[in-house]
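A short write-up of the structure that comes next.
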């Protein structure tokens, strides 16, 4: 082994063996542990005392509903929303309607895992509080369209309105 190789090996070993230098400061580790134990303590207290859940979606009554079929496949990437008589209402290829394809993929996946054959209809509903939801009665899945962005919710709101 040459002198340069020996020097290189010693330098590399010394670089990784520095007990005097902490990789993560002790205060940071203590802070993370305190945060973790504090969160567990607060959740435990809330569960033991029976405090009501906050920030939980309350399903409002249905104001309007439309029963449709969402068909398509992953290969073409285009999903179509149509009435039960086959009249096309919307498509994921339309402007600002790509979210229809995302929901179509989710529905197909959920139906596959639940063993549902074919493409049974879904209900797109507008609730009295203005929220839009997609209800798949074949699997029992309910997709509340909250927090998906205005354009994504509008793609389905146009269908039910």
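Miscellaneous remarks
Quick grid of which residues meet (1) part of a loop (DSSP other than H, G, I, E, B); (2) under 20 Å from the mean Cα position of the chain (by Cα):
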{"position": "52", "(1), (2)": "yes, no"}
{"position": "55", "(1), (2)": "yes, yes"}
{"position": "58", "(1), (2)": "yes, yes"}
{"position": "90", "(1), (2)": "no, no"}
{"position": "101", "(1), (2)": "no, yes"}
{"position": "110", "(1), (2)": "no, yes"}
{"position": "119", "(1), (2)": "yes, no"}
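- Per the conditions (1) exposed (fewer than 10 other Cβ atoms within 10 Å of the Cβ); (2) over 20 Å from residue 141 (Cβ atoms), the sole criterion not satisfied by residue 43 is (1).
- Selection status of residue 21, in a helix (DSSP H, G or I), modelled with pLDDT under 85 and loosely packed, with under 10 Cβ neighbours inside 10 Å: no
- Filter result for the condition that a residue is surrounded by 16 or more Cβ atoms within 10 Å (Cβ to Cβ) and at pLDDT 90 or above, over 131, 152: 131
The values are calculated or read from the model by the stated rules, or taken from the named source; none is laboratory data. Since this is a predicted model, take the numbers as computed values, not measurements. Note: ideal-geometry Cβ built from the backbone for every residue, glycine included; neighbour counts use all protein chains shown.
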